[in-house]
Amino acid sequence: MKPGTRLKSAACDSEVMVIRSGGGTIECGGAPMAEAKPTEAAPLSPDFSGGSLMGKRYVDAEGKYELLCVKAGKGSLSVDGVALVVKDAKPLPASD
Amino acid sequence: MNIALLLEMAADALPDRVGLVCEGRRWTYAELLRMARGAVELIRESKAEYVALLDESSEAAMIALFGAALAGVPYCPLNYRLADADLAALLQRIAPALVIGDEARIRRIAGDQGHTVHSRESFTAAAQAATPSADEYDSGEGVAVQLFTSGTTAAPKAAILRHANLIGYILGTVEFASADESDAALVVVPPYHIAGISALLSSCYAGRRIVLLPAFSPEAWLELVEAERVTNAFVVPTMLGRIVDALENGVSADLSSLQAVAYGGGKMPLEVIRKALTLLPDTGFTNAYGLTETSSTIALLGPDEHRAALGSADPAVQARLASVGQPLPTVEIEIRDEDGRVLPAGEEGEIFVRGDQVSGEYKERSALVEGGWFPTRDAGYRDAEGYLFLSGRADDVIVRGGENLSPGEIEDVLLTHPALADACAVAVPSIEWGEAVGVALVVREGHEAPDHDEVRELVRSRLRSSRVPERIVFLDALPYNEMGKLLRRQVKEALAR
C-alpha cells in the first residue's frame, strides 16, 4: 500500500492515511479496509470494537505499519488480525 | 499525502474554532478550508505552474499555501525586500505563476513573463466567492513548497519541500488538536521564511489560533500579545533583543498569557536570552535549530533546559544556554570530518542530518549523500550528553596555513571583553598563510575601544596563537539581514578595504 493512500473502514466511520505499510491486509472493526466504501457495511467484530481516534498514529510491534487516523470510528485497527497500538510520542515543546 | 490534510482535519474536528487572525479579521478553520478550496478554482483556471506570494503575512498566505497544495502546484513565497532586478529573475524562474501581492510592482518588473496577478484583497475575495467544484484534489506526491535560499554566497537556490517532508515534520512534532480553545500563536516571521510556513502548519494541526503580525516592531508585538492573549510565539534573535530592550525601557504590556517563546534563525546573544529569562520568569523558552532544507526544526533546547542552565553552578550545564539542544526523536544527527568520518563527542565538524522531514533537495539537484544524509554546511559539535552546539557555517571556516579555525570560537572569546558589544571573525587574505583572521568589532556604548594589542592579547591568552587576529577594524554596527543573519560577506568586504 502506497504512503498517502486513504483507506475507509467497511464496518464503521473510521478513515486512515497510510504512512508506512507492508504486504498484509489492513483492517478496521475486523474487516479489510479499502479506498472505496463497500455498498453493504460489514459487521463490527466485537474483538475489534475499541474505536479509533482522530489524529492518532497506529503502529504494529515491528514498526512495519503506521497509519494516521483521519476520521474516528467505532472499529479498531488491525493488520492480518493483529491489533495495532497507538504510537507513543513524547510531547515536544512548540518550536514554531 | 497532501499537506492540505492538516487543514482538512482541523476543519473537520474544530470547524468553528477561529484559526487565523490578521489585523482584526478572523476566520474559522471551516472558512479557511473553504477558501483554500475556492483558491483551487482560480489556480486551475490560470494554468499557473506555481503560486507565488510577494507580500507580507496575511490570510492570503494561508489560503495560497493550502490552495496550491490542493491544486497540485508548488507554493513559492518570495522575499519582497529584494531589489527589482533580483526579484524579476526569480519570477522568471517560476513563470507562469499566479502571483499574489503588490500588483503594480509585479506588472512593472515582470509584466512580460506570463503571470496571472492578484492583489491580496482580490485573491482573498475571489477565493471566498468561488464555488469549489473540484471533486478530486492533488494526491500530494510532488512538491508542496519551493523556497529560494537567501543566496548570500551565490545565486539563490530553489529548495524544494515535498508534501511528505512537511507532513513528516508535523506528525513527528505536533499532537493533533492538542491546543486549548484559548491558545494563540503569534507569527511574525515573514511568509517566505521556512519558519513562517512551519508556523502555519504546526498551529493548524494543533488547532491553535494563528495571530499574524505583518510588520514587526517590539511595541506592536507586545500590544498584540496582550490584546489576543497570545500563548505561543516564535521570534528571531534580533526581535527578542528589541523586545527585551523595549521592556527594559519601560514599555509595559500584560504578558501573563505568554506560556512559550521559541526562537531560532540565527545566533542568540547570551546576554539577550539571559535577560529574557529574567524578565519573563514564567515563560518557557525553546531554542529551535533547523534549515529550509530540513522543513524547519531538527534540534531543540527546551524550557526546562534553559532554566537549568541559567540556575546552574556547573559550567557544562551553564554552557547549554548557548546550545541548540538535542535532535528531535524523529531525526538522526552526525558530526563528520572532511573525510566523512563520524566524529566523537567534543570534536567539531560538519553537521549531517537525516529523517522523513529532511528534503536536502534543490530544483536543480539533490544535495543528499549516501544513506540519505544531508550535509547542512553548518559546523558544530555535540557535548558528552549529546547537546548540539553550532560554530558557524562550514564555508565560514578560516583556513590558516592548513589549520581550520572556527570564527565562533574566536568571537566568543572577544565577547568576553567588557567593552565589546559585537564581534565577527572572517578570513582575510595573507601572503604567508593563505588566509588569516580578521575581526570586526563593535564597541559597547559608553566604553572606549580597546587597543589592538589588548584585543590580540585576549585571544592569545585563551586560544592558540594561530587564532590571534591579524587585522582589526571597529564598526558602528555589524551588518545583519532582516532575519538576524550576520552577513559575513559584507564584513569581509569591510575588512578588505
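Counting only strands (runs of 3 or more DSSP E) wholly contained in the stretch B:131-225, the ones carrying 1 or more residues that are within 12 Å of chain A (Cβ to nearest Cβ) occupy B:158-162, B:184-187, B:209-212.
Filtering the stretch B:364-412 to residues that are touching a Gly at 6+ places or on another chain (Cβ under 9 Å) and among the aliphatic types (A, V, I, L, M) leaves B:367, B:368, B:369, B:379, B:384, B:388, B:390, B:394, B:398, B:399. Only one of the listed residues (B:123, B:66) is on the phi < 0 side of the Ramachandran plot, crowded, with 20+ Cβ neighbours inside 10 Å and more than 26 Å from the chain's Cα centre (by Cα). That residue is B:123.
State whether one or more residues within the stretch B:32-48 are away from chain A (no Cβ under 14 Å), without any contact (Cβ under 8 Å) to a residue 12 or more places away in the chain and over 25 Å from residue B:91 (Cα atoms). No, there is no match, as no residue in the stretch B:32-48 is away from chain A (no Cβ under 14 Å), without any contact (Cβ under 8 Å) to a residue 12 or more places away in the chain and over 25 Å from residue B:91 (Cα atoms).
Mind checking whether some residue in the stretch A:1-17 is within 14 Å of another protein chain (Cβ to nearest Cβ), surrounded by fewer than 13 Cβ atoms within 10 Å (Cβ to Cβ), within 22 Å of residue B:355 (Cβ to Cβ) and among the charged types (D, E, K, R)?
Just the residues of the stretch A:1-17 that are within 14 Å of another protein chain (Cβ to nearest Cβ), to begin with: A:1-7, A:13-17.
Filter once more, so that each one left must be surrounded by fewer than 13 Cβ atoms within 10 Å (Cβ to Cβ): A:2.
This time we only want the ones that are within 22 Å of residue B:355 (Cβ to Cβ), so: A:2.
If we keep only those that are among the charged types (D, E, K, R) too, we end up with A:2.
The answer is yes, given that some residue of the stretch A:1-17 is within 14 Å of another protein chain (Cβ to nearest Cβ), surrounded by fewer than 13 Cβ atoms within 10 Å (Cβ to Cβ), within 22 Å of residue B:355 (Cβ to Cβ) and among the charged types (D, E, K, R).
Residues being under 16 Å from the mean Cα position of the chain (by Cα), closer than 28 Å to residue B:423 by Cα and crowded, with 16+ Cβ neighbours inside 10 Å are entirely absent from the stretch B:244-256. In summary, strands (runs of 3 or more DSSP E) completely within the stretch A:48-96 and bearing 3 or more residues that are within 14 Å of chain B (Cβ to nearest Cβ) and under 12 Å from the mean Cα position of the chain (by Cα) occur at A:57-59, A:66-71. Residues in the stretch B:301-360 that are in contact (Cβ under 8 Å) with a residue 12 or more places away in the chain, out of contact with any Ser or Thr (no Cβ under 7 Å at 6 or more places or on another chain), in a loop (DSSP other than H, G, I, E, B) and within 16 Å of residue B:387 (Cβ to Cβ): B:323, B:324, B:329, B:331, B:343, B:345, B:346, B:347. Scanning the stretch B:241-269 for residues that are assigned to a loop (DSSP other than H, G, I, E, B) and either among the aliphatic types (A, V, I, L, M) or within 14 Å of another protein chain (Cβ to nearest Cβ) (or both) returns B:251, B:253, B:255, B:258, B:259, B:264, B:265, B:268.
The listed residues are B:477, B:494, B:449, and the only one of them that is surrounded by fewer than 18 Cβ atoms within 10 Å (Cβ to Cβ) and in a helix (DSSP H, G or I) turns out to be B:494. With respect to the conditions (1) away from chain B (no Cβ under 14 Å); (2) closer than 21 Å to residue A:4 by Cα; (3) over 12 Å from the mean Cα position of the chain (by Cα), residue A:33 falls short on a single one, namely (3). Does residue B:364 satisfy being part of a loop (DSSP other than H, G, I, E, B), of a type in the set (D, E, K, R), surrounded by fewer than 17 Cβ atoms within 10 Å (Cβ to Cβ) and under 26 Å from the mean Cα position of the chain (by Cα)? When the stated conditions are applied, residue B:364 passes them. Taking (1) touching a residue at least 60 places away in the same chain (Cβ under 8 Å); (2) of a type outside the set (Asp, Glu); (3) in a helix (DSSP H, G or I) in turn, residue B:376 satisfies each apart from (3).
Scanning the stretch B:293-326 for residues that are within 14 Å of another protein chain (Cβ to nearest Cβ) and surrounded by 21 or more Cβ atoms within 10 Å (Cβ to Cβ) yields a total of 12. For residue B:134, the conditions (1) surrounded by 17 or more Cβ atoms within 10 Å (Cβ to Cβ); (2) under 17 Å from residue B:70 (Cβ atoms); (3) among the aliphatic types (A, V, I, L, M) are fulfilled apart from (1).
Here, each number is a calculation from the coordinates, and none is a lab measurement. Small disclaimer: the values here were computed from a predicted structure and weren't measured. Neighbour counts run over all protein chains shown; Cβ positions are idealised from the backbone, glycine included.
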